[in-house]
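The structure appears below as structure tokens.
The values are calculated or read from the model by the stated rules, or taken from the named source; none is laboratory data. Because the structure is a prediction, the values reported are computed rather than measured. All Cβ positions, glycine included, derive from the backbone under ideal geometry; neighbour counts span all protein chains shown.
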Amino acid sequence: MKAIATALQGCYIIEPQLIGDERGYFFESFNELTFSKTIGQQVRFVQDNQSFSSYGVLRGLHAQAGQHGQAKLVRVLQGEVLDVAVDFRDTSPTFGQHIAVLLSAENKRQLYVPRGFLHGFVVLSDFAEFFYKCDNYYNKASEIGIKYDDPTLAIDWKVPFRDMIISEKDQQLPYLNPINQ
């Protein structure tokens, strides 16, 4: 397992070590000891989630606030997504900045999104099966988010707006800067 630091402190792209032969391949997608050593901190995941979505589905930008904040380790089991993490830590020098990473079943990359970050993704393939581990339990009352098309963030989702499928809930999220609403 290899961790690639991103421009956002604490957020890492994780590349597995693939072992392949004529039968196919094998890789260890998660090992707590190796993962903690690789990113330099102890993370204990307590909940796994999975979603299935079609082309153009955009889920995000979400997080949980306060004591219910979650770190996530995300990957794609089938298909391809553009995965986005936004630094939402108000004391961070990169507050409001984002990274976008292509995650696919083919590249087998994962993204570690620490607590204090907003997270979202859009499906680039016909469909995608998305899997994520969380280090805290889901708490509906702690949900927060920022609208996907926030002009301050200026995220290029790589999907034409006309093709995006966005939930009513996500369309109602606020902008980072309320003046933009």
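Quick one: how many residues across the stretch 1-29 are aromatic (Phe, Trp, Tyr), closer than 19 Å to residue 132 by Cβ and more than 16 Å from the chain's Cα centre (by Cα)?
Total satisfying the criteria: 1.
Within the stretch 52-68, identify whether any single residue is buried (at least 23 other Cβ atoms within 10 Å of the Cβ) and farther than 27 Å from residue 151 by Cβ, and answer yes or no. Looking for residues that are buried (at least 23 other Cβ atoms within 10 Å of the Cβ) and farther than 27 Å from residue 151 by Cβ, one finds none in the stretch 52-68, hence no.
Do any strands (runs of 3 or more DSSP E) lying entirely in the stretch 106-157 carry at least 1 residues that are surrounded by fewer than 21 Cβ atoms within 10 Å (Cβ to Cβ) and either in contact (Cβ under 8 Å) with a residue 60 or more places away in the chain or under 14 Å from the mean Cα position of the chain (by Cα) (or both), and which ones are they?
Qualifying strands (runs of 3 or more DSSP E): 127-134, 143-145.
Kindly check whether there is at least one residue in the stretch 65-85 that is touching a Gly at 6+ places or on another chain (Cβ under 7 Å), within 25 Å of residue 140 (Cβ to Cβ) and modelled with pLDDT of 95 or more. Yes, there is a match, as at least one residue in the stretch 65-85 is touching a Gly at 6+ places or on another chain (Cβ under 7 Å), within 25 Å of residue 140 (Cβ to Cβ) and modelled with pLDDT of 95 or more.
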